[in-house]
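Read-outs: derived from the displayed coordinates by stated rules, not from any lab. This one's a predicted model, so the numbers in the text were calculated from it and none came from an experiment. Virtual Cβ from ideal backbone geometry, glycine too; neighbours counted across all protein chains shown.
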Amino acid sequence: MIIRNTLLSAALLTVMAAPAFAAPHERNAFIHDYDANHDGEVTQAEFDAGRTARFKATDANGDGWLSDAEYLAEFEPRLDARLAKSTKSAEDKLSDRQREVRQTHVRFGVLDKDKDGKMTKAEYDASGARAFAQQDKDKNGKISDADAVVERAEASTKPASN
């Protein structure tokens, strides 16, 4: 038990000391987190490098795959920082935290395609590829404000729902 707690503490410290690479779904956060040269766009190379760094930082014990615990440990500091800034009540923050932690376990289960309890780099990369493709609305291999223009145009041509 002591060894396990020591390993978990070391893993948490390693993740907390590493840069926090978010996995954002909003374009501005995506650009903020992955635009390595600060030119206002994220190339596939920048994104891949950021994802590789994030995987390595999350793989606290360096065994080449992520456990559910490692995946959660990477997310919790970002979640706690966001909740600390929230103006919600302590009760609502606790509820949000519990919900998001549960969702993190669900997300891990979805990404662990072979259900062996180990998220491989390939499984992790497949998720990243989907995220990049979703953001790259103009399909030019870069994420930038130009993608927002395409997204707005697509939205304006969709029929209104009843």
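Spatially, the stretch 112-162 and the stretch 83-108 are offset by 24 Å when compared through their Cα centroids. Using R0 = 22 Å, the C-beta based FRET efficiency linking H38 and Q134 works out to 0.45.
Relative to the current alpha-carbon distance between L79 and D48, full extension at 0.36 nm per residue lengthens the span by 8.8 nm.
Highest mean packing first, where packing is the average number of other Cβ atoms within 10 Å per residue, the peptides 55-61, 147-153 line up as 55-61, 147-153.
I need the peptides 66-76, 96-106 ranked by packing, meaning the mean over residues of other C-beta atoms within 10 angstrom, with the highest value on top.
Details: 66-76: 20.2, 96-106: 12.6.
Put in order of decreasing packing, that is 66-76, 96-106.
Rounded to the nearest whole angstrom, the semi-axes of the ellipsoid equivalent to the stretch 53-162, taken from the Cα gyration tensor as √(5λ), stand at 29, 23, 14, largest first.
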